[in-house]
1. Just the Cα atoms of the chain: what Rg and Dmax do they give in Å?
2. State the extension gain, in nm to one decimal, for the chain segment bounded by residue 56 and residue 31, taking 0.36 nm per residue of separation less the distance between their alpha-carbons.
3. If I fit a long axis through the Cα atoms of helix 44-62 and take the longest principal axis of the Cα atoms of the chain, what angle between them do I get, 0 to 90°, rounded to 10?
4. Please list the non-local residues whose amide H lies under 5 Å from the amide H of residue 105, H modeled 1.01 Å from N, same-chain partners needing a gap of 5 or more.
5. Enumerate the aspartates and glutamates that residue 12 could reach by cross-link, defined here as Cα to Cα under 19 Å, with residues fewer than 8 away along the same chain left out.
6. Please tell me the relative contact order of the chain in percent, rounded to the nearest whole number, where contacts are Cα pairs under 8 Å and at least six residues apart.
7. Report the full-extension gain for the segment residue 67 to residue 100: residue separation times 0.36 nm, less the Cα-Cα distance, to one decimal in nm.
8. Please give every one of the lysines within straight-line cross-link reach of residue 54, meaning a C-alpha to C-alpha distance under 19 Å, and leave out same-chain neighbours fewer than 8 residues apart.
Amino acid sequence: MPVSRDKEVVRKYNARRYKERKANGTVIPSKSHLKKSEQLGMPWGTAAHRLRKKVLFMLVCEAGRNICFHCGGEIENESDLSIEHKQSWLGIDVDLFWDMENIDFSHLRCNSSRSPNP
Ligand SMILES: [Zn+2]
């Protein structure tokens, strides 16, 4: 199948951006990301992260799981929500990181990874 002219232009653009990043070690935001960032008034990555966290908090509340794994208190807003690994994975087993059975939620301040004595 022949490559369309548009696809070839995009391929060349991406190849040029990759060479630039490789040369100076910086990430160059795409035109699309720059346009979104300008309208949102913040970097696109920050906005996307905030949106994902808002959606996660909404779904956690709908599932009735906005109860802190550690203290049992209600998690009242997305800024205080954190994903909790019930069993520590670090230095133990990377599968525990991805295991949904090992996931719960906690207040950010109660999260065991932030505690000095997890
Ligand atoms: Zn808590």
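All of the numbers you see were taken from the coordinates with simple rules; none came from a lab. Note that the coordinates shown come from a computational prediction; the quantities given were computed from them, not determined experimentally. Positions of Cβ are generated from backbone atoms using ideal geometry, with glycine treated the same way; all protein chains shown enter the neighbour counts.
1. 20.5, 60
2. Details: separation 25, 0.36 × 25 = 9.00 nm, distance 2.79 nm.
This chain segment gains 6.2 nm when fully extended.
3. 40 degrees
4. Sorted by chain and number, the residues that satisfy this are 69, 84.
5. Straight-line reach from residue 12, under 19 Å: 20.
6. Values: 91 pairs, mean separation 19.9, N = 118.
Relative contact order comes out at 17 percent.
7. On the way: separation 33, 0.36 × 33 = 11.88 nm, distance 1.67 nm.
Extending this stretch completely gives an extra 10.2 nm.
8. Of all the lysines, those that pass the test against residue 54 - Cα under 19 Å, at least 8 places apart if same chain - are 36.
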